[in-house]
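Structure, as structure tokens:
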Amino acid sequence: MKFNTKTIHGKQQPDKAYGAVMPPIYQTSTYAQSTPGGHKGYEYSRTHNPTRTALENALASIENGNYGMAFASGLAAIDAIMKLLKPGDEVISTSDLYGGTYRLFTKIFEGYGIKFQFVGMQNAANIESYVNTNTKLIWVETPTNPMMNIIDIEAASIVAKKYNILLAVDNTFATPYLQRPLDLGADIVMHSATKYIGGHSDLVMGALIVKDKEVADKLYFIQNASGAICGPMDSFLALRGIKTLHVRMQRHCENGKAIAEYLANHPKISTVYWPGFSNHPNHDIAKKQMDDFGGMISFVTKGNNYTEAIRIVENLKIFTLAESLGGVESLAGHPASMTHASIPKEEREKTGVVDSLIRLSVGIEDINDLIDDLAQALGK
Ligand code: P1T
């Protein structure tokens, strides 16, 4: 089955009760049993819920995995991965990554005795030099949030396999429409499903997808034991979102390209970070592992001026100034004060997240309206 069919039909069947084509929202916490243990596969909705199962199957299908798990948020999904580790274990993580992931790693899991090494992975050869006998996980976010760096998943997986380390990839920005990390050797794919998977800015959710049963069993255990699951209504919405992922992503990519090119030619802008440019430092890797370049773009204005960056994001009219990304509507953000404020300024600036950086999540509106909006906001 091809990807554009999988989004609609992959591991999906009409509901067993009445043939409903979309699974009902099974808004129930529990299930009747005829005798203790005598149930129809569902006993308690933290453990399983049929609407969530339908979503988890769809997630597994679109990522070419065997097992999917849905969580209350992207961070809850990452939290579950970290619970595979124990005190003394080490993680090699991408250095430029979502601020909340950095906060979870450094402010929560470092406190439990897990050590994190934040490494510039644009040259994947760097990863191997940080491996030691305690290294248990490599954490890759690609494209990175917000600098749009690209990390070679296949090269990272070669290191992971050589030393028997788990490789987890945050696929939030790319989605399986653009890149399928499990096919490239990753063990775990993670999503903030809040973003492109849901696609309509109407839910908060996380997802994990794996191929291997042993890893899946451990994560299912953690999902149930820790309990950070998503509810049936959100599961329904995310499943509905997946059905149009391919058409939305196609338009996000088209609009993203047009806006990246517009910004690159704008006299007020010094740098545009978008992996589709042939002069992007990892363009060749992007071309190798991604089918297109997505709708996320970051840029800085000439003069590197904080006040001007704030003025631009405040003046946008169609782009909404907001956290998050990946919905049908275009959003603009100021990472230094919003999504990445939890990273100390000194650390942030090392990776390029300067005070003048603006991030765009390009939506699927008419491209002329989006360009006109940027033109007026930049021109003022
Ligand atoms: O917000 P949540 O669903 O918990 O997902 C966290 C997360 C994980 N990974 C990446 C790459 C992310 O971008 C996010 C969430 N990011 C934003 C809210 C943002 O505006 O960047």
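The values are calculated or read from the model by the stated rules, or taken from the named source; none is laboratory data. In this text the structure is predicted, and so the values were computed from the model without any measurement. Note: ideal-geometry Cβ built from the backbone for every residue, glycine included; neighbour counts use all protein chains shown. Protein only, heavy atoms only, side chains kept; ligands, DNA and RNA dropped before computing areas. Shrake-Rupley method; radii C 1.70, N 1.55, O 1.52, S 1.80 Å.
Pick out, in residue order, every one of the trypsin sites (Lys or Arg not before Pro) in region 232-266 that is DSSP loop and has at most 10 other C-beta atoms within 10 Å; say none if there are none.
Passing both the DSSP loop test and the Cβ count: no residue.
Can you grab the distance from the C-alpha centre of region 90-115 to the C-alpha centre of region 173-227, Å, no decimals?
One Cα centre to the other: 18 Å.
Could you give the dipole magnitude of the chain about its Cα centre, charging the beta-carbon of Lys and Arg +1 and that of Asp and Glu -1, in debye to the nearest 20?
The calculated dipole for the chain is roughly 600 debye.
When the dipole is taken about the Cα centre of region 1-146, and only Lys, Arg (+1) and Asp, Glu (-1) are charged at their Cβ, what size is it in debye, to the nearest 20?
Numbers: 13 positive and 11 negative charges, 82 e Å.
It comes to approximately 400 debye.
Hey, what did the chain get for relative contact order, percent, Cα under 8 Å, at least 6 apart?
Answer for the chain is 17 percent.
When the C-alpha atoms of the chain are aligned to their principal axes, what extent does each axis show, in angstrom, from largest down?
Its Cα atoms span 72, 50, 34 Å along the three principal axes.
Need the list of aspartates and glutamates near Lys161 for cross-linking: C-alpha distance under 15 angstrom, and skip anything on the same chain fewer than eight residues off.
Excluding near neighbours in sequence, the set is Glu128, Asp152, Asp183, Asp187, Asp212.
Report for the chain the percent antiparallel among DSSP-assigned beta bridges with both residues inside it, nearest 5.
Percent antiparallel among DSSP bridges in the chain is about 55.
Can you pull out the GluC sites (Glu not before Pro) in region 275-380 whose DSSP state is coil and whose Cβ has at most 16 other Cβ atoms within 10 Å?
When the GluC sites (Glu not before Pro) of region 275-380 are filtered for loop state and at most 16 Cβ neighbours within 10 Å, Glu323, Glu329, Glu365 remain.
Taking 7 Å along the Cα-to-C-beta vector as the label spot, tell me the Arg311-Ala20 distance in nanometres, rounded to one decimal.
Here the answer is 5.4 nm between the modelled labels.
Pick from Ser298, Ser61, Ser129 the residue whose mean-square fluctuation is largest in a GNM of the chain, springs joining Cα atoms under 10 Å.
With Cα springs under 10 Å in the chain, the top fluctuation among Ser298, Ser61, Ser129 is at Ser129.
Could you work out the Kirkwood radius for region 246-379, taking every pair of different alpha carbons, averaging 1/r and inverting it, reported in Å?
15.0 Å is the Kirkwood radius here.
With unit charges on the beta carbon (Lys/Arg positive, Asp/Glu negative), name the residue among Gly38, Thr144, Ile108 whose Cα is farthest towards the positive pole of the charge dipole of region 1-149.
Towards the positive end, the residue furthest out is Gly38.
Treat every Asp and Glu Cβ in region 188-264 as -1 and every Lys and Arg Cβ as +1, leave all other atoms uncharged, and give the resulting dipole magnitude about the Cα centre to the nearest 20 debye.
For this selection, approximately 160 debye.
Before anything else, pin down the relative contact order of region 208-361: Cα pairs under 8 Å, at least 6 apart, normalised by residue count, whole percent.
So the answer I get is 18 percent.
Using a 1.4 angstrom probe, figure out how much accessible area the chain has per residue, in square angstrom, rounded to the nearest whole.
41
Could you work out how far apart the two model spin labels at Asn66 and Glu365 are, taking each label as a point 7 Å from the Cα in the direction of the beta carbon, and quote it in nm?
Between Asn66 and Glu365, the label points sit 4.6 nm apart.
Could you list the GluC sites (Glu not before Pro) in region 1-74 that lie in coil according to DSSP, counting only those with at most 16 other Cβ atoms within 10 Å of their Cβ?
Hits after loop and neighbour filter: Glu43.
Can you tell me what percent of all Cα-Cα pairs in region 28-78 are more than 16 Å apart?
For region 28-78, the share of Cα pairs beyond 16 Å comes to 52 percent.
Using a 1.4 Å probe over the heavy atoms of the protein chains, calculate the carbon and sulfur portion of the accessible area of the chain as a whole percent.
Percent of accessible area from carbon and sulfur atoms in the chain: 52.
Which pairs break 30 Å Cα to Cα here: Lys115/Lys218; Lys211/Lys350; Lys195/Lys288; Lys2/Lys350; Lys288/Lys350?
Values: Lys115/Lys218 21 Å; Lys211/Lys350 35 Å; Lys195/Lys288 24 Å; Lys2/Lys350 41 Å; Lys288/Lys350 27 Å.
In this structure, Lys211/Lys350; Lys2/Lys350 exceed 30 Å between Cα atoms.
Of the candidates Lys40, Lys136, Lys115, which one comes out as most mobile in a Gaussian network treatment of the chain with C-alpha springs shorter than 10 Å?
Lys40
Cα centroid distance between region 270-343 and region 1-57, in Å?
38
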